[in-house]
Amino acid sequence: MIHKLIIIGSGPAWHSAAIYASRANLEPLMFEWFLAGGIAAGGQLTTTTEVENYPGFEHIDGTELMTKMRDQSIKNGTTIVTKTVDSVDLSSSPFKVVVSWETHLTHSLIIATGASAKRMRVPGEDKLRQRGISACAVCDGALPIYRGKHLVVIGGWDSACEEASFLSKFGKKISLLVRSDKMRASKVMQDRVFANPKIQVVRNTELIEVLWETHLEKLVVKNSVTQEQSEMEVQGLFYAIGHQPNTAFLGGQIDLDEIGYIKTHSGTKTNIDGVFAAGDVQDRIYRQAITSAGTGCMAALDAERRLSHQWLID
């Protein structure tokens, strides 16, 4: 059996692509990644307690939102298999998708495998996800637990400056921890941070451990010059040290940029005809649920047009 469309991934882009593809009678087969990149089925939204910036919901739990999307995909006729794809062969059409030693053939493929936020993996961190530690200030920074509190951002590039500036709208004080004595952010972003009275740049500082009871209470940090350790009382920790796109399974068959994101053109097309990419796996700029859902829709429409031109669907 050769499928018209297989969609690989998890998250808003994945479900949006499925809903549009199902309604176009493409009968998509979806492989739902489970714990790929260290994240449960549903993508990064499953690591967020309250989502307040997704249209149609004043606030909703991230896992609940993903459950609603999954239910909608199924109701529209999508077949979902909760297995992580091992590899793909895109050298010829139909494409081959290998899952648990089984090979599935498809005329078109949408990759929506997302990107995993890089974390420090310090002691105590895993137990505090959703309870004081986040990798997305725009997603979580406005939540009540962070308002009027001392918040810490780790990173020294533009993204860290952007996160700190955003959090200054809600937090009482923002400490930007930079590992070395120099920030690598652009001068414009550095000037913006230095001009913000709520933001304090703490240089030559490394995170060693997080301390907590029910929520984050303190950070153990080390001065990278003197090696002296100290504690900081904080109520929120935000990582801004980059993301890792989940593309290893592609085996170098798709063109990636210098960071590892899939290159797309003319919508969601990749360098291989019939293969499309949507969501955070190809978006290094916005990385929001709503933009991921939008590109998922685009990918399904692009796949439908391609299949129509190939006379594979009516």
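The values are calculated or read from the model by the stated rules, or taken from the named source; none is laboratory data. Predicted model only: the values in this text are computed from it and were never measured. Because the Cβ atoms are built from the backbone with ideal geometry, glycine has one as well, and the counts that use them run over all protein chains shown.
Data for the structure
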quantity	calculated
Filter result (over 22 Å from the mean Cα position of the chain (by Cα) and among the β-branched types (Val, Ile, Thr)) within the stretch 221-267	Val221, Val225, Thr226, Val234
Residues within the stretch 133-164 that are charged (D, E, K, R), more than 18 Å from the chain's Cα centre (by Cα) and closer than 22 Å to Arg203 by Cα, tallied	1
Test: residue in the stretch 64-76 that is crowded, with 19+ Cβ neighbours inside 10 Å, of a type outside the set (Asp, Glu) and part of a loop (DSSP other than H, G, I, E, B)	no
Any chance Ala240 is closer than 30 Å to Pro12 by Cα and crowded, with 21+ Cβ neighbours inside 10 Å	yes
Enumeration of residues in the stretch 223-235 that are buried (at least 17 other Cβ atoms within 10 Å of the Cβ) and over 13 Å from Leu176 (Cβ atoms)	Gln235
Where a residue in the stretch 178-207 is touching a residue at least 60 places away in the same chain (Cβ under 8 Å) and its partner, wherever it lies, is part of a loop (DSSP other than H, G, I, E, B) and surrounded by 14 or more Cβ atoms within 10 Å (Cβ to Cβ), with Cβ under 8 Å and at least six apart	Leu207/Met120; Leu207/Val122
Qualifying residue in the stretch 161-177 (condition: among the charged types (D, E, K, R), crowded, with 24+ Cβ neighbours inside 10 Å and in contact with a helix residue (DSSP H, G or I) (Cβ under 6 Å, 6 or more places away or on another chain))	yes
Of residues in the stretch 77-121 being over 21 Å from Ala17 (Cα atoms) and among the aliphatic types (A, V, I, L, M), the one surrounded by the fewest Cβ atoms within 10 Å (Cβ to Cβ)	Met120
Qualifying residue in the stretch 172-189 (condition: touching a Gly at 6+ places or on another chain (Cβ under 6 Å) and closer than 21 Å to Asp140 by Cα)	yes
Residue list for the stretch 183-195, restricted to those being surrounded by 11 or more Cβ atoms within 10 Å (Cβ to Cβ) and either more than 24 Å from the chain's Cα centre (by Cα) or aliphatic (A, V, I, L, M) (or both)	Met183, Ala185, Met189, Gln190, Asp191, Arg192, Val193, Phe194
Single residue of the stretch 204-214 satisfying the filter (touching a strand residue (DSSP E or B) at 6+ places or on another chain (Cβ under 9 Å) and not hydrophobic (A, V, I, L, M, F, W, C)) that is nearest to Pro123 (Cα to Cα)	Glu209
Residue check, Thr48 of a type in the set (Ser, Thr, Tyr), crowded, with 18+ Cβ neighbours inside 10 Å and modelled with pLDDT under 90	yes
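Yes/no per residue for (1) assigned to a loop (DSSP other than H, G, I, E, B); (2) in contact (Cβ under 8 Å) with a residue 60 or more places away in the chain:
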residue: Ile110; (1), (2): no, yes
residue: Pro123; (1), (2): yes, yes
residue: Ala142; (1), (2): yes, yes
residue: Gly156; (1), (2): yes, no
residue: Ser159; (1), (2): no, yes
